Amino acid sequence: MSDILLVNRYDTVTVLTLNRPEVRNAVDADLMTALHDALKACESDGSRVVVLTGAGGAFCSGADIKKAVANGFSAEEMHRVLNEVYGPTLKAIRSLPMPVIAAVDGFAAGIGCDMALACDIRLVSERGKFAELFIRVGLIPDGGGTYLLPRIIGLGRALELMYTGMDVDAEEAYRIGMANRLYPVGTFMEDVVSYAAIISQKSPGALWRGKQAMLQSLDSTYAEALDREHEHQRAIFNSEDGIEGFMAFAQKRAPVWKGR
């Protein structure tokens with residue numbers, strides 16, 4: 001893997017680290033492509049939980065605008081990059097079968113904020129900070145923020161963050177539901193990996209189907225969500241892990257998940 005993206009395994013937890021600390025992990029086409037490839041690899045390498053984080057005390061400061069301008073800015077080229085590079089990577093984060101955790105230590109701004117929002121869960125250090133700063137350069141969110149923000153923190157707060165580009169510190173992010181957990185800086189990644197390890201011990205099939213059912217329910221009726229849950233549950237009942245879960249409970253032992 002390229003040195004701009006670090007990949008580390010902790011048993012079945014895979015940690016992907018954006019590694020451009022000299023620009024606070026600002027993303028360009030190369031980094032987004034590397035991240036996309038790493039995410040797709042996680043689908044078949046035994047990973048049960050994926051953690052996305054950044055190196056050097058920052059999560060991601062957004063798109064590398066200076067590099068984009070230096071390479072020759074044009075509206076059509078930016079549109080192409082968004083559609084052919086950034087979009088597929090963000091969709092890969094959102095659609096990964098296993099749980100995806102954003103470990104936000106430092107700034108998550110612009111598309112970096114949207115990348116964190118695309119993850120299932122956000123764990124934040126005490127120096128973590130979010131900002132939908134697109135408005136500061138006269139733009140709108142282009143990393144899925146218009147879809148994700150109102151669903152995570154509510155429409156009123158989402159519009160405020162989009163209109164103002166204001167910073168949201170770690171405590172405020174936790175208060176409004178933008179962050180799931182808040183951890184000390186000194187033990188942050190240890191806490192994140194421990195948290196991820198707990199989830200990784202659950203049934204892979206149930207995690208995947210539960211995630212799919214919940215994400216799909218965001219754009220469906222209550223009745224449709226119920227029907228979808230029942231279909232997913234039937235598939236689990238017919239799987240080896242589904243039988244194992246019931247047997248382990250009945251026999252008062254820890255289940256052994258095989259992912260099938």
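The values are calculated or read from the model by the stated rules, or taken from the named source; none is laboratory data. Here the structure is a predicted model, which is why all the values come from computation and not from measurement. When we count neighbours, we look across all protein chains shown, and the Cβ atoms used for this are built from the backbone with ideal geometry, even at glycine.
Entry remark, region 57-89: residues being assigned to a loop (DSSP other than H, G, I, E, B), hydrophobic (A, V, I, L, M, F, W, C) and free of Cβ contacts under 8 Å to residues at least 12 places away in the same chain number 1 in total.
Taking the condition part of a helix (DSSP H, G or I), hydroxyl-bearing (Ser, Thr, Tyr), touching a residue at least 12 places away in the same chain (Cβ under 8 Å) and crowded, with 18+ Cβ neighbours inside 10 Å, does Tyr195 pass? Working first, answer last.
Details: part of a helix (DSSP H, G or I): yes; hydroxyl-bearing (Ser, Thr, Tyr): yes; touching a residue at least 12 places away in the same chain (Cβ under 8 Å): yes; crowded, with 18+ Cβ neighbours inside 10 Å: yes.
The answer is yes for Tyr195.
Just the residues that are in contact with a helix residue (DSSP H, G or I) (Cβ under 6 Å, 6 or more places away or on another chain) and either acidic (Asp, Glu) or buried (at least 22 other Cβ atoms within 10 Å of the Cβ) (or both), please, taken from region 13-31. Don't jump to the end; show me each part of the working.
Taking region 13-31 and keeping what is in contact with a helix residue (DSSP H, G or I) (Cβ under 6 Å, 6 or more places away or on another chain), we get 13-14, 16, 28-29.
Hits for region 13-31 are Val13, Thr14, Leu16, Asp28.
For region 135-187, filtered to residues that are among the small types (Gly, Ala, Ser) and surrounded by 14 or more Cβ atoms within 10 Å (Cβ to Cβ), the residue that is farthest from Ile101 (Cα to Cα) is Gly165. Given the structure, is Met115 in a helix (DSSP H, G or I) and either touching a helix residue (DSSP H, G or I) at 6+ places or on another chain (Cβ under 9 Å) or modelled with pLDDT of 95 or more (or both)? So Met115 fits the description; yes.
Which residue out of Gly165, Gly205 is on the phi > 0 side of the Ramachandran plot and in contact with an Asp or Glu (Cβ under 7 Å, 6 or more places away or on another chain)?
Details: Gly205 fails: on the phi > 0 side of the Ramachandran plot.
After applying the criteria, what remains is Gly165.
Taking only region 2-53 into account, find how many residues are on the phi > 0 side of the Ramachandran plot and without any contact (Cβ under 8 Å) to a residue 60 or more places away in the chain. Walk me through how you get there before you give the answer.
Initially, region 2-53 is screened for residues on the phi > 0 side of the Ramachandran plot, giving 11, 24-25, 46.
Still in the running and without any contact (Cβ under 8 Å) to a residue 60 or more places away in the chain: 46.
Matching residues across region 2-53 total 1.
So which residues in region 1-52 are polar (S, T, N, Q) and assigned to a loop (DSSP other than H, G, I, E, B), if there are any at all? I'd like the intermediate steps shown before the answer.
Step one: of region 1-52, the residues polar (S, T, N, Q) are 2, 8, 12, 14, 17, 19, 25, 33, 44, 47.
Answer for region 1-52, where residues must be polar (S, T, N, Q) and assigned to a loop (DSSP other than H, G, I, E, B): Ser2, Thr12, Asn19, Asn25, Ser44, Ser47.
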